[in-house]
Amino acid sequence: MSSRRTWRFLALPGVVWLSVFFLVAFYAVLAVALGNENSLSEPVPFWNPLDWNVGYLLEVLRDIVHGGHYLTVFLRTFAFVGIAMALSLAIGYPVAYFAARHTRGRWRGLVLLLLVLPFWINYLMRMLAWINLLSADGWATRFLHTVGIERLFIWLGLLSTEGGWLDGQPSTVILALVYGYIPFLILPLYAVLDRIDQRQIEAARDLGASALSGFLRVTLPLSVPGILAGVVLVALPMFGDYYTPDLVSASTKTNIIGNQIDQLTRQGSEKVTGAVLTILLSLLLVVLMVYYLRTTRRADEETANA
Amino acid sequence: MTRWFRNPWGKPRWLVVVTALYIVWSILPVGIAILFAFNNGRSRTTWQGFSLRWFTGSTGSVLHDPALQGALKHTLFLGVLCVLVATPLGVALALGLQRWRGRGSGTVNTMMLLPLVTPEIVMGVALLLLFLNVFPGLGLGTKAQAIGQVTFTLSYVVVIVRGRLVSIGREYEEAAADLGAPPHDQLLRVLLPLLAPAIIASAAVVFALSIDDFVVTQYLSSDASTTTVPMLLYATARGAPTPALNAIATVTLLITLATLALAFFVYRRFAGGGQAAVAAALEV
Amino acid sequence: MPGEIHLQELTKRFADVVAVDGIDIDMPAGEFFTLLGPSGCGKTTTLRMIAGFERPTSGQIVLDGVDVAQVPPHRRNVNTVFQSYALFPHLDVAANVAFGLKYQRCTKEERRKRVAEALGLVQLSGFERRKPTQLSGGQQQRVALARALVLRPHVLLLDEPLGALDARLRKNLQVELKALQAELGITFVFVTHDQEEALTMSDRVAVMNGGRVEQAGSPREVYEQPETVFVADFLGVSNLLSGEATAGDDGACVLRMGERALRAAQGATASRGQVKAMIRPERISVEPHGTAGDNRVPGLVERAVFLGNAFELHVRIVGGDILKTMVANDGSATDLEEGAAVTLHLPAEAVRVLAPSEPAAAEEPATAS
């Protein structure tokens, strides 16, 4: 049909836009990372791949291999994200499970609304709320002190000083990451748990499985794809997060890779190194990105061809 | 109490408890922050009575403080600008992609999905370097911020509109063609009216994403005049500011929620069913 | 008279599936032409190619002497009534009906008149301001009809338009549609899988299977003189008999089934060897057991299904075949219950020898492709 070609032209402006402001932008990062610096410490990008200068890249890699500063930062990032993710799953899965399998009608609408609400509240406002609550005379600080949790944390080495929740504490950063990202994990989990056919679980119960056994042997395995999807969906932005540690810690002791990039690129004048770190971070995340894209594209195509 | 807990056919009560606790933990802090926006004193941690001074008072309030005013205005301006550019661009892209059969469609589709999975700092750095090295003429500032925001919100429009396109199907266009309508009329007289709810919903989503955006907007800002509310929150949160900060955050939140509620009701009224709207929100 | 369609070697291939396999059909102008077949036989694809929504892989669609196979749908003088009506939900009835008039250059006054005319034709006068969602299925279908007819096309295509309606409504609309076509005199091309519908309404029927046309002809022709097993089976109960065909007299052949011999005067009587023959249930007479005469076979009633106005008897004859026949419930046949012995009279003129379809197809049931 001749109209097929006409339709295709509609996509042109969007394609051009994304090519320039996304693809070319990313290429600019490559060109800067593999470029040079001038006397004013401004980056001089090398656009031609044949000219690429791996000097700065090697410098960073050498630092990592020899256990230097950047390696510490990367390892800390993995630790923070890993722990935050585990905690998020531990809290998020039961909540998603409840919402998917034990709510109906009006209640479900309400619960879903409350679960979706954090999406639309400004992330910074949610962190601001905690900054207020955890400051020296904040309500949370007082509460945790009274209830003894503060003492527990100090005893466990998770808190350095009384009331010093916001003073460069890794535990605070991790908990803040959990608070910030858990809503983004709960919804994909909910979606997959909702889709599991109730009858399969009933069949398991009919065959003699207890509630717990039915869960472990039927529901949990069936929800694994959703868990993976949710984890990937949340891990990607978490790895790039810098503002959460900045807000609840404000100390370079808790620097993760996002902070490092931000400090070099936006706040400082080492844009080339910053670009190098950005490339390394992206390579690290490519595996996650490809996995997520492949599963989304399959779902997209299935609906598009239907 | 024991009966309630141990009923084998009832909902596992511990799940109810966990969920309830989670929801409280999730929302209460924000509720408290909003509460303190109405604090009578300058503290953000000690309640000193109810007052609207941080919203409408003569000094230091959202209404009268120049810095707060400026940030709010700039935020809303960027929001509107972003909607005006991203929505038509995204609708066109969705239509083009949906009808595209053959080479290149897979690649374009992937390219469209990439911004959704790229961490914001990567986008921020990329756009910063782009504007510094490739478009020095444009430079940083409002235009750059707008462009950056459009770039990452575009994909949301495409996903929402495309979802609606799929459920509409092709038969209305075929009917229109059968009755003599050339392709452009099929689009204008039939498809676009049917897509209107999805377009409005995606415009609302773009607006909400834009006014809440932080990283890209910060990376592409130039000076104090290009500060937005999220940037303001970030810069002063740890300082010793007044509850005016809570107030402006509350105002922004209200604007977001109002926009979304409006879009939800429009979508529901014209596209039939809150299911669709929730699904659209979940896509995001 | 305009509205004549010739499909010449029309083929449509989707990836490796051949939906329409080089068919040739002639649809004379002004006739009610039906494409009949099971789902997957290619009838809807053929219709869509005539409408212009699918581009043929090869072949020609000649409309009034012009090959329109490459012409986009909005430029063909052909209109469609869709299976799901496809009424524009954002427009009211009048705007829906008037939709295509925009491309026919008429004044506002003319437009209003023609819309009123079209709605009158389908007995929906006064419904102008209603919205499609406020209409019943039958009403929506009429609006779809009006919307197409208002443009005065030479050909109207109908894609299983009565499929979504309940039985009584369907019967009423069948009569109405047929009357409408006769009144307007334009060519109707009707697609259905319901053979009763096809037989009731059509001037001509093309029976399709697996992308090919098995037979085309008037309803009586395809029902009484099916050329293949598929057509025989699809259009009604076909009562297949297996036997060996040998020479007979007067151009008929004699079918040998075990010790019995039946004279078959219809169909491929020149065939020899193992063949299948068919007889329609209504041509079989049930006679008391032991009645003598030509073309009579004894049998045992295996089942007697009560249908209200008749009994459908399933009679097993010698040789093992089961023949179905109908006996009116007029109070006379009181001894026709299961296990009863009867004699079936199969008149020679009603026994039709069938040409094998594709040899494999004769054995297997029609599968959707």
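The values are calculated or read from the model by the stated rules, or taken from the named source; none is laboratory data. Bear in mind that the values here come from a model prediction, so they are computed numbers and not experimental data. So basically every Cβ, Gly included, is an ideal-geometry build from the backbone, and we count neighbours across all protein chains shown.
Residue-wise test of (1) more than 9 Å from every other protein chain (Cβ to nearest Cβ); (2) under 20 Å from the mean Cα position of the chain (by Cα); (3) in a helix (DSSP H, G or I); (4) not acidic (D, E).
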{"site": "B:K143", "(1), (2), (3), (4)": "yes, yes, yes, yes"}
{"site": "B:T153", "(1), (2), (3), (4)": "yes, yes, yes, yes"}
{"site": "B:G180", "(1), (2), (3), (4)": "no, no, no, yes"}
{"site": "B:A196", "(1), (2), (3), (4)": "no, yes, yes, yes"}
{"site": "B:A203", "(1), (2), (3), (4)": "yes, yes, yes, yes"}
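Mind listing whichever residues of segment B:93-125 are more than 22 Å from A:D262 (Cα to Cα), within 8 Å of chain A (Cβ to nearest Cβ) and not in a helix (DSSP H, G or I)?
B:W100, B:R101 - these are the residues of segment B:93-125 that are more than 22 Å from A:D262 (Cα to Cα), within 8 Å of chain A (Cβ to nearest Cβ) and not in a helix (DSSP H, G or I).
Which residues, counting only those in segment A:279-298, are more than 8 Å from chain B (Cβ to nearest Cβ) and among the aromatic types (F, W, Y)?
Scanning segment A:279-298 gives a single hit, A:Y291.
What's the number of the condition A:S39 fails, among (1) more than 11 Å from chain B (Cβ to nearest Cβ); (2) outside any loop (DSSP other than H, G, I, E, B); (3) over 30 Å from A:L185 (Cα atoms)?
It fails just one condition, (2).
Quick check on my filter: what residues within segment A:95-117 are under 20 Å from the mean Cα position of the chain (by Cα), within 7 Å of another protein chain (Cβ to nearest Cβ) and buried (at least 20 other Cβ atoms within 10 Å of the Cβ)?
If the condition is that a residue be under 20 Å from the mean Cα position of the chain (by Cα), within 7 Å of another protein chain (Cβ to nearest Cβ) and buried (at least 20 other Cβ atoms within 10 Å of the Cβ), then A:V95 is the only one that fits.
Being small (G, A, S) and more than 9 Å from every other protein chain (Cβ to nearest Cβ): is that true of B:G90 here?
no
If I filter segment C:70-77 for residues that are more than 13 Å from every other protein chain (Cβ to nearest Cβ), among the aliphatic types (A, V, I, L, M) and not in a helix (DSSP H, G or I), do I get at least one hit?
no
Output the number of residues of segment C:296-329 satisfying the condition of being in a loop (DSSP other than H, G, I, E, B) and either without any contact (Cβ under 8 Å) to a residue 24 or more places away in the chain or under 29 Å from the mean Cα position of the chain (by Cα) (or both).
Here is the first cut: in segment C:296-329, the residues in a loop (DSSP other than H, G, I, E, B) are C:307-309, C:318-321, C:329.
Applying the additional criterion that residues be either without any contact (Cβ under 8 Å) to a residue 24 or more places away in the chain or under 29 Å from the mean Cα position of the chain (by Cα) (or both) yields C:307-309, C:320-321, C:329.
Final tally of qualifying residues: 6.
What number of residues within segment C:34-60 satisfy the criterion of being assigned to a loop (DSSP other than H, G, I, E, B) and under 13 Å from the mean Cα position of the chain (by Cα)?
Final tally of qualifying residues: 4.
If the Cβ limit is 8 Å and pairs must be 6+ apart or interchain, which residue in segment C:165-188 that is assigned by TED's automatic domain parsing to the domain that holds C:R152 pairs with which residue that is β-branched (V, I, T) and surrounded by fewer than 18 Cβ atoms within 10 Å (Cβ to Cβ)?
Close Cβ pairs satisfying both conditions: C:Q174/C:T200; C:K178/C:T200.
From the set of residues in segment A:240-252 that are assigned to a helix (DSSP H, G or I) and of a type outside the set (A, V, I, L, M, F, W, C), which is surrounded by the most Cβ atoms within 10 Å (Cβ to Cβ)?
Narrowing segment A:240-252 to residues assigned to a helix (DSSP H, G or I): A:243-248, A:252.
If we keep only those that are of a type outside the set (A, V, I, L, M, F, W, C) too, we end up with A:243-246, A:252.
Details: A:Y243: 24, A:T244: 26, A:P245: 28, A:D246: 21, A:T252: 12.
Here the answer is A:P245.
Among the candidates A:S88, A:S160, single out the residue that is hydroxyl-bearing (S, T, Y) and in contact (Cβ under 8 Å) with a residue 60 or more places away in the chain.
After ruling out the rest, the residue left standing is A:S88.
Have a look at A:G230, A:G214 and point out the one that is within 13 Å of chain B (Cβ to nearest Cβ) and under 24 Å from A:T244 (Cα atoms).
The match here is A:G230.
Determine which member of the set A:T146, A:T172 is more than 8 Å from every other protein chain (Cβ to nearest Cβ), more than 25 Å from B:A247 (Cβ to Cβ), among the β-branched types (V, I, T) and surrounded by fewer than 18 Cβ atoms within 10 Å (Cβ to Cβ).
The conditions single out A:T146.
Residues are listed down the side, and each one gets a yes or a no for (1) exposed (fewer than 13 other Cβ atoms within 10 Å of the Cβ); (2) in a loop (DSSP other than H, G, I, E, B); (3) at pLDDT 80 or above:
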position	(1), (2), (3)
A:L152	yes, no, yes
A:T161	yes, yes, yes
A:A191	no, no, yes
A:S223	no, no, yes
A:A229	no, no, yes
A:M238	no, no, yes
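Which members of segment A:249-278 meet the condition of being within 17 Å of the chain's Cα centre (by Cα) and either within 11 Å of another protein chain (Cβ to nearest Cβ) or among the aromatic types (F, W, Y) (or both)?
Result: A:I256, A:I257, A:G258, A:N259, A:Q260, A:I261, A:D262, A:T278.
Run B:L113 past the list (1) under 23 Å from the mean Cα position of the chain (by Cα); (2) under 30 Å from A:E42 (Cα atoms) and report the number of the one that doesn't hold.
Evaluating B:L113 over (1) under 23 Å from the mean Cα position of the chain (by Cα); (2) under 30 Å from A:E42 (Cα atoms) leaves (2) as the failure.
Would you confirm whether any residue within segment C:194-202 is in contact (Cβ under 8 Å) with a residue 24 or more places away in the chain, part of a strand (DSSP E or B) and within 15 Å of the chain's Cα centre (by Cα)?
Checked segment C:194-202: no residue is in contact (Cβ under 8 Å) with a residue 24 or more places away in the chain, part of a strand (DSSP E or B) and within 15 Å of the chain's Cα centre (by Cα).
For the structure I just gave you, tell me whether B:G169 is at positive phi, in contact with a helix residue (DSSP H, G or I) (Cβ under 6 Å, 6 or more places away or on another chain) and within 14 Å of chain C (Cβ to nearest Cβ).
The answer is no for B:G169.
Scan segment C:315-324 and give yes if some residue there is surrounded by 19 or more Cβ atoms within 10 Å (Cβ to Cβ), of a type in the set (G, A, S) and within 21 Å of C:S242 (Cα to Cα), otherwise no.
No, segment C:315-324 has no match at all.
Filter segment B:26-45 down to the residues that are more than 8 Å from chain A (Cβ to nearest Cβ) and of a type in the set (A, V, I, L, M, F, W, C), then identify the one that is nearest to A:Y179 (Cα to Cα).
The qualifying residue nearest to A:Y179 (Cα to Cα) is B:L28.
Test B:L128 against the criterion of being assigned to a helix (DSSP H, G or I) and free of Cβ contacts under 8 Å to residues at least 12 places away in the same chain, and give yes or no.
no
Could you say which residue among C:G248, C:G243, C:G217, C:G236 is over 15 Å from the mean Cα position of the chain (by Cα), surrounded by fewer than 22 Cβ atoms within 10 Å (Cβ to Cβ) and small (G, A, S)? So that I can check it myself, show each step before the final result.
Details: C:G243 fails: surrounded by fewer than 22 Cβ atoms within 10 Å (Cβ to Cβ); C:G217 fails: over 15 Å from the mean Cα position of the chain (by Cα); C:G236 fails: over 15 Å from the mean Cα position of the chain (by Cα).
Result: C:G248 is the single residue among C:G248, C:G243, C:G217, C:G236 that is over 15 Å from the mean Cα position of the chain (by Cα), surrounded by fewer than 22 Cβ atoms within 10 Å (Cβ to Cβ) and small (G, A, S).
Being in a helix (DSSP H, G or I) and basic (K, R) is the filter here, so list the residues in segment B:231-271 that pass it.
Result: B:R268, B:R269.
Condition check: surrounded by 16 or more Cβ atoms within 10 Å (Cβ to Cβ), closer than 26 Å to A:L114 by Cα and modelled with pLDDT under 85. Does B:T19 satisfy that?
No, not satisfied.
Any idea which of B:V157, B:V62 is of a type in the set (A, V, I, L, M, F, W, C) and outside any helix (DSSP H, G or I)?
The conditions single out B:V62.
Hey, among C:L151, C:L119, which residue is crowded, with 19+ Cβ neighbours inside 10 Å, over 28 Å from C:P38 (Cα atoms) and touching a strand residue (DSSP E or B) at 6+ places or on another chain (Cβ under 9 Å)?
Within the list C:L151, C:L119, the selection yields C:L151.
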